[in-house]
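Right, one structure below, let's go through it.
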Ligand SMILES: *Cc1c(COP(=O)(O)O)cnc(C)c1O
């Protein structure tokens with residue numbers, strides 16, 4: 001499989017080179033040159049997630065340095081469950097609820113564990129064939145860094161350097177960045193998130209630094225993150241189609257469009273998926289685009305579903321690269337509606353959702369009755385509610401216990417390095 005740039009001005013590359021580069025040299029995003037076509041029968045002998053992942057992803061990594069390692073990468077990356085739970089209503093006469101696809105049973109309690117774990121194992125496979133150690137440099141304001149640090153721990157051939165803004169993230173988030181063993185380095189920067197991002201950009205733009213350390217990124221535009229995310233949508237869609245005879249609809253809490261684009265791509269490859277509906281928070285870029293056909297990025301605004309506080313979704317360019325009509329609906333959910341839905345879901349179903357998942361639950365309730373009854377709907381549950389206890393606990397009036405994986409994170413020792421906002425300081429950190 002070769003990859004082309006969405007802007008069409010860059011040479012074709014294989015999956016290894018696309019992974020290594022992140023962004024194409026013309027500034028575009030890499031897209032598979034042609035899409036494989038699957039039918040449900042192709043997956044009849046792959047009941048487990050790693051097996052399905054290896055089958056689904058094989059064409060995307062064909063003829064690359066990752067091809068032979070793919071089954072073991074998948075086995076290693078997808079070693080936690082992703083249960084689909086029917087949302088029961090305590091009132092038996094209520095119309096049937098959606099299924100909740102819990103994507104947060106990985107080691108850092110968010111769906112980003114899937115992509116991050118796959119990505120680092122893919123980097124390690126690349127490193128083995130090229131003999132070049134890569135340094136993954138990321139700036140993070142929260143959840144991504146935790147998943148990246150965890151995914152990188154103990155992986156040979158890679159190093160992860162995670163910059164975060166001092167005093168701007170929650171104590172739990174900081175702990176989740178600073179608790180990983182080598183080759184992970186957390187760096188507390190005396191500046192804000194924009195300063196951290198500017199440092200990362202400056203490091204990539206410095207040819208000497210970039211070459212010396214083989215700098216690469218792990219952000220959500222990486223093919224190594226969104227491709228593996230097709231797996232759980234495919235698993236759930238195949239299962240529901242087998243059960244009900246109708247492809248399910250998906251409702252996906254959306255920020256940078258990485259998770260939703262994975263679902264779009266899976267459907268384009270023949271996975272039986274019905275309508276794809278995006279749930280966003282108050283950030284209106286995608287809902288305005290869907291309503292008017294005009295795309296206009298803008299600064300983000302802060303909401304309770306803060307992992308979705310995105311004003312210029314970085315994967316939009318990929319969506320725009322496909323034929324129109326890939327997204328059936330976009331629903332915007334403000335903070336009051338997030339809280340009300342969290343509360344109603346708890347009262348009616350005794351289910352505790354995170355604020356991001358609540359945007360999707362609210363979106364389900366905006367569909368009309370015909371749409372809801374025409375098929376099964378699947379809600380993507382993107383984070384464990386305990387990660388957002390500050391928001392969730394006052395709304396439902398009870399505490400939310402940490403799951404064992406997150407307890408284990410808290411029991412680890414945390415350490416980090418400190419630096420200011422000048423590039424030479426970052427060069428010093430990278431050199432050691
Ligand atoms: C990252 C994130 C999202 C948004 O996912 P995208 O792929 O950026 O659209 C939603 N919920 C949670 C909890 C996240 O961490």
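Taking a quarter of the surface of the Cα convex hull of segment 122-196 gives a mean projected area of 4.6 nm².
Of 122, 160, 344, the residue with the greatest mean-square motion in the GNM of the chain, using alpha carbon springs below 10 Å, is 344. Entry note: segment 159-219 has Rg to Rh equal to 0.99, where both radii use alpha-carbon atoms and Rh is the Kirkwood radius. By the Cα gyration tensor, segment 167-285 has an equivalent ellipsoid whose semi-axes, rounded to whole angstrom, run 36, 18, 15 from largest to smallest. When all alpha carbon pairs of segment 42-201 are counted in 10 Å bins from zero, the resulting P(r) reads 11, 31, 30, 20, 8, 2, 0 %. State, as an integer percentage, the relative contact order of the chain based on alpha-carbon contacts under 8 Å between residues 6 or more apart. Result for the chain is 17 percent.
Alpha-carbon geometry of segment 345-424: the Rg and the Dmax are 18.6, 60 Å, given in that order. Here is the size of segment 294-333 from its Cα atoms: Rg then Dmax, 11.7, 33 Å.
With the Kirkwood sum run over all distinct C-alpha pairs, segment 292-432 has a hydrodynamic radius of 18.6 Å. Rounded to the nearest 500, the helix-only mean residue ellipticity at 222 nm of the chain stands at -13000 deg cm²/dmol, with each DSSP H run of n ≥ 4 adding -39,500 (n - 2.57).
Using a Gaussian network model of the chain in which every pair of alpha carbons under 10 angstrom is joined by a spring, one finds that among 121, 225, 168 the greatest mean-square fluctuation is at 168.
Centre-to-centre, using Cα atoms only, segment 287-316 and segment 74-89 are separated by 28 Å. In this structure, residue 153 and residue 374 have a Cβ-Cβ separation that, at R0 = 51 Å, corresponds to a calculated FRET efficiency of about 0.70. With the convex hull of the Cα atoms taken as the outline of segment 6-71, the averaged projected area works out to 5.0 nm². Here the label points at residue 192 and residue 288, each 7 Å from Cα along the C-beta direction, are separated by 2.1 nm in the simple model. Globularity index of the chain is 0.94 (Cα radius of gyration / 2.2 N^0.38 Å, N = number of residues).
Its residue count N fixes a reference of 2.2 N^0.38 Å for segment 364-409, and the Cα radius of gyration divided by that reference is 1.64.
Find the centroid of the Cα atoms in segment 188-203 and in segment 209-285, then give the distance between the two in whole Å. Taking the Cα centre of each part, segment 188-203 and segment 209-285 sit 28 Å apart. FRET efficiency for the pair residue 181 and residue 366, taken as 1/(1 + (r/R0)^6) with r the Cβ-Cβ distance and R0 = 35 Å, rounds to 0.20.
Considering only alpha-carbon pairs that sit under 8 angstrom and 6 or more positions apart, the relative contact order computed for segment 135-204 is 39 percent.
With a simple spin-label model that places each label point 7 Å from the Cα along the Cα-to-Cβ direction, the separation between residue 205 and residue 34 comes to 4.0 nm. The separation of segment 1-51 from segment 318-373, counted between C-alpha centres, amounts to 29 Å. Here r is the Cβ-Cβ distance between residue 412 and residue 168 and R0 is 25 Å; the resulting FRET efficiency, rounded to 0.05, is 0.70. For the peptides 253-266, 318-331, 286-299, the ranking by packing is 253-266, 318-331, 286-299, with the highest mean count of neighbouring Cβ atoms within 10 Å listed first.
A short reminder: the numbers here are calculations on the coordinates, not readings from a lab. Bear in mind that the values here come from a model prediction, so they are computed numbers and not experimental data. With ideal geometry, Cβ positions are generated from the backbone for all residues, glycine too; neighbour counts draw on all protein chains shown.
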